[in-house]
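S.K.: Here it is, the structure in full.
The values are calculated or read from the model by the stated rules, or taken from the named source; none is laboratory data. All values reported here derive from a predicted model rather than from experimental measurement. Heads up, the Cβs are rebuilt from the backbone with ideal geometry, glycines too, and the neighbour counts pull from every protein chain shown.
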Amino acid sequence: MNWITKIIKAGEKIKSAIHKRATKEDIANSDWTSCCRGPILKKDLEKNLWVCPDCNKHHRINPKQRFDILFGKNNYEIFKTPIPKDDPLNWTDSKAYKDRLKSARKKTGMDCGMMVVCGTINNIKITAVASDFNFLGASMAAAEGEAFLYGIQHAIENKTPFLCISAGGGMRMMESLISLSQMTRTTLAINELKEKNLPYIVCITDPTAGGITASYAMLGDIHIAEPGALIAFAGARVIQGTVKEELPEGFQKSEYLEKTGFVDLIIERKDVSEKIGTLLSILLKKNSAISTDENEIKENSQSLSKVAS
């Protein structure tokens, strides 16, 4: 091979390398991600709990990362939840549903899109469930319904509060009515939990939409949300096309929903564990300034004294 041929071949390799598009897998396996200022090392983002130090964007994280932040690194028990039969309807579109499930399990290391655990905050045992958006968009199907019900049952049997960290695009239509029925099943399970006077707290994360918003994500005793989280039922364009009106800016973000009463508190990721601990201490009358009858009597006495004077 002469020197001219070598230069031509080298040039072709450079050109093909420049025009080669990175796949989703390449991006996922990269040490870098992007945010407001451009590329940022994942390890630097991780040190800040996956929150951008410049724009405060709360990046999506998986259930294990969430529970590590809430309870401490691996300081919780992960439960093995029931898994119903895969692909009950033998669904196939551009790809077989069974293959999609296989890919999702390989990608996330989870059997379904929900993880159920038991951990402790402020010496209060908590049963918690979190969804992984990397598992088919954290959509809800029979397996996720079984996981949610397993968590509720564990909370009832062990008399613990239940924390739901919601995420996902809605019901998984590859399972049709089986998927839609999870809205009813989770609602009934939450009602049973409340009948036992056990707190149900929902932490809404980005994105929470569709049938998830229309069921278990909006049935909490207290709703907290991360900053900038998308919380919606239908998409903004669909709504605007239906009502034929301009919509308020950011009307599906957590900040707007707090103003309109759908969300009680917006809490940054670094403060979630502390705030949930405080809320549960008050709701369960543990470690709280208002936890004893003695304090209530004192407060009433002081009030009566002021009125008398």
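S.K.: Could you check, for segment 188-205, whether at least one of its residues is over 20 Å from I126 (Cα atoms) and either among the small types (G, A, S) or in contact (Cβ under 8 Å) with a residue 60 or more places away in the chain (or both)?
M.R.: no
S.K.: Going through segment 161-173 one residue at a time, which ones are over 24 Å from V263 (Cβ atoms) and surrounded by fewer than 24 Cβ atoms within 10 Å (Cβ to Cβ)?
M.R.: First, pick out the residues of segment 161-173 that are over 24 Å from V263 (Cβ atoms): 172-173.
Answer for segment 161-173, where residues must be over 24 Å from V263 (Cβ atoms) and surrounded by fewer than 24 Cβ atoms within 10 Å (Cβ to Cβ): just M173.
S.K.: Now, a different point. Taking M110, is it in the same structural domain as K270 (by TED's automatic domain parsing) and touching a Ser or Thr at 6+ places or on another chain (Cβ under 7 Å)?
M.R.: Answer is no for this residue.
S.K.: How many residues does segment 167-225 hold that are hydroxyl-bearing (S, T, Y) and at positive phi?
M.R.: Here is the first cut: in segment 167-225, the residues hydroxyl-bearing (S, T, Y) are 176, 179, 181, 184, 186-187, 200, 205, 208, 213, 215-216.
Checking which are at positive phi leaves us with 176.
Final tally of qualifying residues: 1.
S.K.: Right, next: Consider S176 against the criteria (1) within 22 Å of D111 (Cβ to Cβ); (2) buried (at least 19 other Cβ atoms within 10 Å of the Cβ): it satisfies all of them except one. Which criterion is unmet?
M.R.: (2)
S.K.: Look through segment 78-101, keep the residues that are under 22 Å from the mean Cα position of the chain (by Cα) and not in a loop (DSSP other than H, G, I, E, B), and return whichever of them is farthest from F148 (Cα to Cα).
M.R.: R100
S.K.: Hey, I239 hits all of (1) surrounded by 13 or more Cβ atoms within 10 Å (Cβ to Cβ); (2) at pLDDT 95 or above but one; which does it fall short on?
M.R.: (2)
S.K.: Condition check: assigned by TED's automatic domain parsing to the domain that holds Q182, closer than 24 Å to C203 by Cα, surrounded by 13 or more Cβ atoms within 10 Å (Cβ to Cβ) and modelled with pLDDT of 95 or more. Does D87 satisfy that?
M.R.: Criteria not met by D87.
S.K.: Could you tell me which of the residues I212, I152, I204 is surrounded by 22 or more Cβ atoms within 10 Å (Cβ to Cβ) and touching a Phe, Trp or Tyr at 6+ places or on another chain (Cβ under 8 Å)?
M.R.: Selected residue: I152, the only one of I212, I152, I204 that is surrounded by 22 or more Cβ atoms within 10 Å (Cβ to Cβ) and touching a Phe, Trp or Tyr at 6+ places or on another chain (Cβ under 8 Å).
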